[in-house]
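Peer 1: A single structure is presented below for examination.
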Amino acid sequence: MSQPLILALSCADRPGIVARVTGYLAQCGCNIVEAQQFDDLLENKFFMRVAFDPGTTDREEIREGFGPIALEYGMAWTMLRRDRARRVLLMVSKFDHCLADLLYRQRIGEINMDIVGVVSNHPREAVTTHLLDGIPFHHLPITKETKPEQEAKLRALVEETRAEVVVLARYMQVLSDDMTRYLSGRCINIHHSFLPGFKGAKPYHQAHARGVKMIGATAHYVTADLDEGPIIHQDVEAVTHAATPEDMVRKGRDIERRVLAEAVRLHLEERVLLNGSRTVVFKG
């Protein structure tokens, strides 16, 4: 079996979409190995993800032949090789637990990505993980006055590295509206609470003060509305009245690591389709 392609699409719902897509792939001699679909009845939108083995058929020929079908149905679509590592730029401040986790998962082959660099607003010495060896590190300090200049450098770096995805692995700076628009749909952030929830500094301390019985983390796409972007993945963990703020911080770090890693994996495997302010996530 050759390496499958991934077709992900969305469009207005109407009869015959599944038959048209699968019929075309069968006509090309392809073998479907995974298929998922969702009808959003409230918005009258259709979403589909298909992994298929192209067999002996040329990939570009399949892609070109699908174009007229996509045009007919008004589809937003991508067709990518499943085995191709996407180019990812990671960003971090001082807390590097999420960064170290992503680097480790990439190193052992759990997440298929080509890490093209790490950006931080702090110098290399502030990042303690030793897994950075061999990965370009870019120190881009920032102040309120230098933010436009720093973001111009960041944008140039994204273009220079041809990064397809930017991951804010506990990068504790708010991106400007211009930058979020530039990175729309390809910038993932980890929020250190279960959204919607406690905002601002020390969320776990706020949660403790309120006597919560669960804490969590949320991975979402970055938008101009702070912490309001489409949610990709969330998880929670129970706590009791005996938990201290330090206990919550410890548990929170673990939740943040696994939630962000899962969100990145889902995005890189074309399992996340935007649906306005929400997402359709085809788990696998």
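Peer 1: For a quick protection proxy, order the peptides 36-49, 178-191 by their average other-Cβ count within 10 Å, most packed first.
Peer 2: Most protected by this proxy first, the peptides run 178-191, 36-49.
Peer 1: Then there is this: Using a 1.4 angstrom probe, figure out how much accessible area segment 209-260 has per residue, in square angstrom, rounded to the nearest whole. List each step's numbers first, then the result.
Peer 2: Details: 2560 Å² over 52 residues.
Per residue, segment 209-260 has an accessible area of 49 Å².
Peer 1: Could you please state, rounded to a whole Å, how far the C-alpha centre of segment 1-20 is from the C-alpha centre of segment 78-131?
Peer 2: So the separation of the two Cα centres works out to 30 Å.
Peer 1: What shape does segment 16-98 have by the C-alpha gyration tensor, where a ≥ b ≥ c are the square roots of the eigenvalues, rounded means a/c under 1.5, and otherwise prolate means a/b greater than b/c and oblate the rest? Please report the intermediate quantities before stating the final value.
Peer 2: Values: a/c = 2.42, a/b = 1.49, b/c = 1.62.
It is oblate, given that a/c is not under 1.5 and a/b is not larger than b/c.
Peer 1: Multiply the residue separation of R278 and I135 by 0.36 nm, subtract the distance between their alpha-carbon atoms, and state the gained length in nm to one decimal.
Peer 2: My answer for the length gained is 48.1 nm.
Peer 1: Would you work out what percent of the accessible area of the chain, with all protein chains in place, is carbon or sulfur (probe 1.4 Å)?
Peer 2: That fraction is 52 percent.
Peer 1: Counting heavy atoms of the protein chains only and a 1.4 Å probe, report the per residue accessible area for segment 59-148 as a whole number of Å².
Peer 2: Spelled out: the 1.4 Å probe surface of segment 59-148, per residue, equals 53 Å².
Peer 1: What does the extension gain come out to for I142 and H205, with contour length at 0.36 nm per residue minus their alpha carbon separation? Intermediate values should be presented prior to the final figure.
Peer 2: Details: separation 63, 0.36 × 63 = 22.68 nm, distance 2.70 nm.
Gain in length upon complete extension: 20.0 nm.
Peer 1: Run the numbers for D177 and V18: contour at 0.36 nm per residue of separation, minus the present Cα-Cα distance, in nm.
Peer 2: 53.5 nm
Peer 1: Turning to a different aspect of this structure: How big is the antiparallel share of DSSP beta bridges in the chain, given as a percent to the nearest 5?
Peer 2: Beta bridges within the chain, antiparallel portion: roughly 70 percent.
Peer 1: Efficiency by 1/(1 + (r/R0)^6): what FRET value for I32 and A238, r their Cβ-Cβ distance, R0 = 30 Å, to the nearest 0.05?
Peer 2: Details: r = 40 Å, r/R0 = 1.33.
Step by step, r from the Cβ atoms, then E = 0.15.
Peer 1: If you don't mind, another one. Contact order normalised by length for the chain, with contacts defined as Cα pairs under 8 Å and 6 or more residues apart; what percent is it?
Peer 2: Normalised by residue count, the contact order of the chain is 16 percent.
The values are calculated or read from the model by the stated rules, or taken from the named source; none is laboratory data. Predicted model, so just to flag it, every value in this text is computed and none were measured. Positions of Cβ are backbone-derived with ideal geometry, glycine not excepted, and every protein chain shown enters the neighbour counts. For accessibility, only protein heavy atoms count, side chains too; no ligands or nucleic acids. Shrake-Rupley method; radii C 1.70, N 1.55, O 1.52, S 1.80 Å.
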